[in-house]
Amino acid sequence: MPEGCVDLVVTSPPYERQPKYGNGEKYERDWFEGAFMDITGELLRVLKPTGQFVLNFRSRRQGAERSTLQYELVFWLRKQGWLFAEDHVWVKPSPPPGRYKQALKDQVEYCFRFAKSDAYELYPEQCLMPARWDAKDRERRRKLAHNFTRVNAPSGQGRKRVQAGPDWVAPGNALVTEPEFSPNPTKHPARFPPSIPEYFIKLCTRPGQVVLDPFAGTCTAAVVAEALERRWIMAELDEKYCAVLPDRLEDLRQRMAKAPKPVPGTVPEGVRTVPLPFALPAPKLVALRRAADEVSNGVHVEQVGERRGGEDAAVGVADHGPESVVEATPPEPIEHGEDGDTTEALGFGA
């Protein structure tokens with residue numbers, strides 16, 4: 001690939017000590033120090049000066065201690081020439097069960113965001129989400145000056161700030177979404193939920209720009225990029241994983257054709273949704289002042305009904321935060337990993 005031709009890399013490489021392709025070997029530390037760093041060097045070369053690289057990674061436990069490889073990778077990449085822009089935390093509201101000795105449920109993973117230079121740009125306006133406040137509180141917030149104009153905060157180290165809202169809020173660096181539980185015909189052990197690439201494609205690119213995933217697996221990043229009108233390049237060693245891409249793109253086209261159009265004036269310009277299981281929750285297609293009437297106990301009733309009706313696989317609905325999650329049951333039996341490591345047992349998160 002030529003230099004400077006990619007706008008965003010979003011990927012999840014094999015996790016530490018994850019088995020290779022059925023040959024008994026595992027991705028040990030020396031693989032990350034060698035082959036993986038060679039790949040990231042190439043990613044640095046093909047990115048545009050404004051480009052960014054999002055790395056989803058979580059170290060494994062080794063007995064009573066968690067490996068520090070996830071943090072060491074940050075330092076290795078900085079030494080390679082990357083600018084460490086931000087660490088995002090992926091929070092799983094209902095992590096899979098498991099058997100634990102000296103550990104708790106593994107409920108978080110990291111998405112480290114790097115940039116080729118300090119010329120990178122962010123587009124948080126493409127990631128706005130409906131506020132969780134009820135209708136009465138939204139009316140009150142409309143009257144507060146700091147929702148509309150910059151003001152000197154009486155507290156907050158004297159900095160100027162402007163709050164999001166009252167109806168829409170800007171994203172933070174935590175993403176609350178479930179692992180991927182949808183049908184898995186290829187038996188890939190560690191699939192991206194669409195909401196992960198969706199969030200970063202919206203945050204870091206504009207329509208028409210190029211997204212690359214060098215560890216593409218079943219090509220979830222390609223499906224999401226297609227839905228968001230980005231161009232995409234996928235690389236995957238195992239042909240059986242990426243062979244499902246044509247069917248996934250056809251499924252996307254059918255979903256997009258059936259998806260209702262937003263009611264004019266209810267969704268900010270530039271905010272788009274992906275009609276896929278486990279994508280970021282779509283804004284309600286009604287006037288926002290009436291949106292609260294469509295929610296029962298913090299869970300969108302029609303979404304739960306669709307899942308119960310079998311339209312999609314079992315899911316966790318997290319439209320209104322972890323307190324409202326409808327817990328899902330994985331479609332396959334759970335096997336316990338070493339030392340109670342559910343990441344190893346289920347392969348979730350990549």
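The values are calculated or read from the model by the stated rules, or taken from the named source; none is laboratory data. As the structure is a prediction and not an experimental result, all values here were calculated from the model. Cβ sites come from the backbone with ideal geometry, for glycine too, and all protein chains shown count toward neighbours.
Here is how the numbers come out for the structure above:
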| quantity | calculated |
| --- | --- |
| Condition check for Glu121: in contact with a Leu (Cβ under 6 Å, 6 or more places away or on another chain), among the acidic types (Asp, Glu) and either at pLDDT 90 or above or surrounded by fewer than 16 Cβ atoms within 10 Å (Cβ to Cβ) (or both) | no |
| Condition broken by Gly41, with the remaining ones in (1) of a type outside the set (A, V, I, L, M, F, W, C); (2) out of contact with any helix residue (DSSP H, G or I) (no Cβ under 7 Å at 6 or more places or on another chain); (3) closer than 18 Å to Pro214 by Cα; (4) not in a loop (DSSP other than H, G, I, E, B) satisfied | (2) |
| Subset of the range 190-233 [hydroxyl-bearing (Ser, Thr, Tyr) and under 23 Å from Arg60 (Cβ atoms)] | Thr218, Thr220 |
| Criterion: touching a Ser or Thr at 6+ places or on another chain (Cβ under 9 Å), modelled with pLDDT under 85 and under 30 Å from Lys48 (Cβ atoms) - qualifying residue of Ala279, Ala287, Ala216, Ala221 | Ala279 |
| Filter pass, Gln102 being touching a Leu at 6+ places or on another chain (Cβ under 9 Å), assigned by TED's automatic domain parsing to the domain that holds Thr177 and polar (S, T, N, Q) | no |
